[in-house]
1. Label points 7 Å out from Cα along the Cβ direction at residue 37 and residue 22: separation in nm?
2. Just the ratio, please: alpha-carbon radius of gyration of the stretch 16-57 over 2.2 N^0.38 Å, N its number of residues.
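The numbers here are math on the coordinates, done by the rules we state, and not lab data. This one's a predicted model, so the numbers in the text were calculated from it and none came from an experiment. So basically every Cβ, Gly included, is an ideal-geometry build from the backbone, and we count neighbours across all protein chains shown.
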């Protein structure tokens, strides 16, 4: 996801809207394991952080977030948008 968001001098290759739709489509899958749900949640949180910051000022993905375990981070629940 990050290489496509960071893109090059012309901007992102794939927009954050595209990635949000793809991640929400995966959440709608009939069988999502806990590990997959945690990974999707982590990616959505990283995408939220990416959008919150100045998009042009990003040079690397957010570090320090582990996708190995699903932990409560005090974040708001993710609402599925259609």
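1. Using points 7 Å along Cα→Cβ, the separation is 2.3 nm.
2. Here the answer is 1.26, to two decimals.
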